[in-house]
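Reviewing the structure listed below.
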Amino acid sequence: MELPLVTCGFTTFNAQKTILRAINSAINQTYKNIEIVVVDDYSEDNTYKILRELSNENNIKIRIFRHKFNKGVAETRNMIINRANGEYLAFFDDDDVSYPERINEQIKLINKFEKLSLENQQEKKSPLCFTNRNIIYESQKIMNCKSAFVDLNYVSSSEAALAFLSARNFPKNAFPGSTATCTLCAKLKTLRSIDGFNKELRRYEDLDFAIRALQKNVSIISSANILVDQYFTNTSEKKNSSKYEFILIKSHEKFLREEDLFDFALLYVKLKNSLLNFSFLNSVFYLIKIFSSYPLKSTLKIFSATRTITFTLLNKIYSK
């Protein structure tokens, strides 16, 4: 019996030094029934030329698409979703390396989740499956990043979505963590049901996608193993990521206002970014404001977010 086809989807932009290494990590997967789909976001270097040469090799099933101008990672990933033929889609970044057993392990986890939900008479949708990863910085420092876990058989979808939006502390039976798309594998029909990545976001588009997945009753599961090495590059979007976090919060304003949590979420994000930017006066101002307005909510949220804030702070320090 032939294994289901898995699409390995790559977004590329100015990756001439790393794209072959990244694609080879897909080719070298222990799971062999794959196709490779690459969408180049109008690279200005030799990335597209390298891809064209690679596609001419007869032993590699690779399809390449190219934008006529730079559209950002969200629209590029949407193109992958639209062009994929696989029953499953695993996302890859153009400068990262996936371990050989990555796809095989993620598909096993997805199938296990579906089977358990069926046995428990739960009609839950097929989940998004992430993996833990190493982040490798130019300084050669390495930091382990754990992925989020939210099983909607045991956790309220709205509570989890609010936690990801900085509006509530994380639910007891869930695990806070990353939703980085470079570690994501899921059934294609599940990804399509979430209606794509938000093209307004050049950062936090992966978190927004996970939030909307939860709102559609799609669980988030993860492998306990490290299955991806992410090589950190300090792009302009990463340097200005805080503005996209505010866009994220405002894009979910209606949902947050229904829970009377929009103002709190916005204030919390302002406080967090002030702390991460070492802005002492702003930090003091927002600390006083949030604790005077929301003493209990603030205490619970900051306590539950200690690990995430520490990770973000270290990431900021290591990336300099």
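The values are calculated or read from the model by the stated rules, or taken from the named source; none is laboratory data. Owing to the predicted nature of the structure, the values given are computational and were not obtained by experimental measurement. Here the Cβ is made from the backbone with ideal geometry for all residues, glycine too, and neighbour counts use every protein chain on show. Note: accessible area is taken over every heavy atom of the protein model, side chains too, but ligands, DNA and RNA are not part of it. Shrake-Rupley method; radii C 1.70, N 1.55, O 1.52, S 1.80 Å.
Relative to the longest principal axis of the Cα atoms of the chain, the long axis of helix 262-276 lies at roughly 80 degrees.
Put the Cα centre of the range 131-185 next to the Cα centre of the range 1-47 and the gap is 24 Å.
For the range 204-296, GluC sites (Glu not before Pro) are listed when DSSP marks them as loop and at most 16 other Cβ atoms sit within 10 Å of their Cβ; the list is 259. When the accessible area of the range 243-320 is computed with all protein chains present and a 1.4 Å probe, what percentage of it is carbon and sulfur? Taking all protein chains in place, the range 243-320 shows 64 percent carbon and sulfur surface. Largest accessible area first, the residues 316, 289 order themselves as 289, 316 under a 1.4 Å probe with ligands, DNA and RNA left out. Label sites at residue 3 and residue 217, each approximated as a point 7 angstrom past Cα along Cα to Cβ, lie 3.2 nm apart. You can think of it this way: the chain between residue 85 and residue 226 has 48.1 nm of extra reach, that is 0.36 nm per residue less the Cα-Cα gap.
The chymotrypsin sites (Phe, Trp or Tyr not before Pro) of the range 54-138 that meet both conditions, a loop assignment by DSSP and at most 16 other Cβ atoms within 10 Å of the site Cβ, are 69.
Using the Cβ-Cβ distance between residue 292 and residue 68 with R0 = 41 Å, the FRET efficiency computed as 1/(1 + (r/R0)^6) comes to roughly 0.20. Annotation: extensible slack from residue 158 through residue 30 equals 42.4 nm (criterion: 0.36 nm per residue apart, minus Cα-Cα distance).
Loop-located GluC sites (Glu not before Pro) in the range 45-148 (DSSP state other than H, G, I, E, B) with a sparse environment of at most 14 neighbouring Cβ atoms within 10 Å: 57, 123, 138.
Calculated from the structure at hand, Rg and Dmax of the Cα atoms in Å is found among [x] 18.7, 61; [y] 19.6, 62; [z] 19.8, 66 as [z]. Inter-label distance, residue 60 to residue 306: 4.8 nm, where each label sits 7 Å from its Cα along the C-beta direction.
Shape of the range 109-241 from its Cα gyration tensor (a ≥ b ≥ c, root eigenvalues): rounded if a/c is under 1.5, otherwise prolate when a/b > b/c, or oblate? Prolate, since a/c reaches 1.5 and a/b exceeds b/c.
Accessible area per residue was computed with a 1.4 Å probe on protein heavy atoms; residue 25 scores about 10 Å².
The residues of the chain expose, per residue, 49 Å² of accessible area to a 1.4 Å probe. Please state the shape class of the range 228-320: rounded when a/c is under 1.5, otherwise prolate if a/b exceeds b/c and oblate if not, all from the C-alpha gyration tensor. Cα axes put the range 228-320 in the prolate bin.
Holding the Cα-Cα limit at 21 Å, pick out from 68/199; 68/320; 61/108; 17/49 the pairs that are longer than that. Cα-Cα > 21 Å for 68/320; 61/108; rest within. Using a probe of 1.4 Å on the protein chains alone, the accessible area found for residue 79 is around 50 Å².
The modelled label-to-label distance for the pair residue 299/residue 101, using points 7 Å beyond Cα in the direction of Cβ, is 4.5 nm. Adding -39500 (n - 2.57) for every DSSP H run of four residues or longer, then dividing by how many residues the chain holds, sets the calculated 222 nm ellipticity at -13500 deg cm²/dmol.
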